[in-house]
1. Pairs LYS31/LYS141; LYS75/LYS168; LYS31/LYS334; LYS28/LYS292: which exceed 30 Å Cα-Cα?
2. Mind giving me the FRET efficiency for ALA149 and ASN290? R0 is 56 Å, r the Cβ-Cβ distance, nearest 0.05 is fine.
3. For a test of the definition: using alpha carbon positions, the gyration tensor, and the 1.5 limit on a/c, classify the chain as rounded, prolate or oblate.
4. Full extension from ALA47 to ILE333: what is 0.36 nm times the residue separation minus their Cα-Cα distance, to one decimal in nm?
5. Sort LEU65, LEU237, LEU136, LEU103 so the one with the fewest other Cβ atoms within 10 Å of its own Cβ comes first.
6. Counting other C-beta atoms within 10 Å, and keeping those with at most 16, which DSSP coil GluC sites (Glu not before Pro) do you find in the stretch 77-106?
7. Which distance in Å, rounded to a whole number, links the C-alpha centroids of the stretch 105-143 and the stretch 49-65?
8. Quick check on the stretch 179-306: take the gyration tensor over C-alpha atoms, sort the square-rooted eigenvalues as a ≥ b ≥ c, and tell me if it's rounded (a/c under 1.5), prolate or oblate.
Amino acid sequence: MSPGNGAVTENNANASKARLGELLVDVKNLKMYFPITEGIVFNRTVAEVKAVDDVSFYINKGETLGLVGESGCGKTTTGRCILQLEKATAGEILYEGQDLTKLSQKEMSTVREKIQVIFQDPFSSLNPRMKIGDILGEPIKVHGIIKDAEERNKRVRELLSLCGLNPKFADRYPHEMSGGQRQRVGVARALALNPEFIICDEAVSALDVSIQAQVINLLEDLRDEFDLTYLFISHDLSVIRHICHRVSVMYLGHMVELAECDELYENPIHPYTRALLAAVPIPDPAIEANRKHEVVKGEVPSPINPPSGCVFHPRCTLAVDSCSKDVPEFREIKPGHWVACTQV
């Protein structure tokens, strides 16, 4: 299945995958609807929040795919569905050809060794009552990777050193560390089980800019050293450009554009992508003062009652009458560049 929303010819999809290398993750027609219920006794469903609506994409081994969009567009929900922290309403999530949505809890436990996550908030994602050494050693113990306590402690100190922290930090509590140090602990915890695939959910958004750069460089070094694959979820387009090979843009639960990183930034096609990039400030004040800004009109519609047809049409400068009726096909307009828009 090709990346994007809706149907695309199988030949084109296979050709794209062949160009980019060995497939690791393949998400097909993913939907995640959250029911809205009322009533205490009968608890009937009266509406649904369409957080992710028919999204498809793939990630190749050793690649970093960026998932970008405004808050509430479905980025984090997509990641949680891949991790099986949310049970998808519909669709397939294939990891090395195995559909994760059909696995039992016991079967999924084995897969979790290969798939890990770095959470957004380094303050709330670490147990304040546990020492750092225990936080890092717990998954190693639970999954039976290293049964000997002394060897496990040695591994914990190796992980801390690998992530640029003093091994003595194993005896500290999270509150005794800075935000950047805590996020490095989060990275170390994700590496504890020697995973192949890591979902970085806004992994640097809670950090100062200078610390962001350090953590991003760390993630890049670890990717190269251990041949890791990332799904990098962020709303920060500057961070996405630095670390990602390909970038996917989401809007209101739909994927609207996907391309190689440089291609997307230099030649954005979808009106929403262009508006996002136009909002990124330029450090040079002379250029910033004279450049043209594309302001998106209106507010983001509710995912409970999304617009018909193209979900972006109420705010789009290119919209015509048919945009409110027809769902745009996610099509490959040039090799590796996919767009869901009938007006480009």
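1. LYS31/LYS141; LYS75/LYS168; LYS28/LYS292
2. It comes out at approximately 0.30.
3. prolate
4. Extending this stretch completely gives an extra 99.4 nm.
5. The order, fewest Cβ neighbours first, is LEU103, LEU237, LEU65, LEU136.
6. Answer by residue number: GLU96.
7. Their Cα centres are 23 Å away from one another.
8. Judged from the Cα gyration tensor, the stretch 179-306 comes out prolate (a/c at least 1.5, a/b above b/c).
Each reported figure results from applying straightforward, stated rules to the coordinates on display, with no laboratory input. Note that the structure is predicted; figures quoted are calculated from it, not measured. For neighbour counting, all protein chains shown are included, and Cβ atoms are generated from backbone atoms with ideal geometry for every residue, glycine included.
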